[in-house]
């Protein structure tokens, strides 16, 4: 049979592909069961060669699971956070934590900035694009506004420590889900316990609701001092919820309320209660 040059080239290419796949032996069209009795080589009619019997199937048991149910991401976060003896250990634990998918999409872990010994701790909601790139909280437009507002009452980042509820930027700056907030909260609460601030400022509704365990909106929470009990601290921490600077950029008319809250913070700091 004559085979055209094109068909011959295609057949050779297919053969080369099969060889690359490791198929270098010719087999029959039908599968061969090698455990069936076949005539013995050189034997007379009726003689057969008995091949080894088919081996019994091996029963493979799955590995035994540890006793009891395995902890979920939130429970693991609580256990890991509770075991951190200092801020360096907490940062390392967050960097190695695999229970929050946000860590896989963010460029950097955004842990904190400022002075952990200042006695004043500010907690925002989560990093944006600029914070994600820099690995520092509040360095974008809302951070610059916050720095100016704090400067108006004589504060800068040497006088406070600033961090976020969520340490990784959500993709596209979307709001964190409830499950993401729940899994990040134990690390924030442990951070607060390790810093032992004399005063805590919560910037934005998400941070205020998570730390205070409240469903009340930030416009009703803001401007009123309250106290929150933090595991690991003997005494409750005075807390002042405030509007988030990003909200002020969208709603400039709310800056009057923010100014009142800043005055309340300055008055409290002037009392020198530690």
In Å³ and rounded to a whole number, note down the convex hull volume per residue for the Cα atoms of region 211-268.
90
Compute the FRET efficiency between residue 101 and residue 212 as 1/(1 + (r/R0)^6), taking r as their Cβ-Cβ distance and R0 = 25 Å, and round to the nearest 0.05.
0.45
Between region 196-219 and region 130-159, the alpha-carbon center distance in angstrom:
18
Could you list 192, 263, 7 so that the one with the fewest beta carbons within 10 Å of its beta carbon is first and the one with the most is last?
7, 263, 192
Cα-based Rg then Dmax for region 73-270, in Å, read 15.5, 44
Between residue 76 and residue 158, what is the spin-label point distance in nm, taking each point 7 Å from the Cα along the Cα→C-beta axis?
4.2
Using r as the Cβ-Cβ distance of residue 117 and residue 92, and R0 as 22 Å, what FRET efficiency do you calculate, to the nearest 0.05?
0.65
When N counts the residues of region 101-211, how does its alpha-carbon radius of gyration compare numerically with 2.2 N^0.38 Å, as a ratio?
1.00
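Read-outs throughout are calculated quantities, based only on the coordinates presented, and are distinct from any laboratory measurement. Remember, it's a predicted structure, so these values are computed and weren't measured experimentally. Cβ atoms come from the backbone with ideal geometry, glycine included; neighbour counts cover every protein chain shown.
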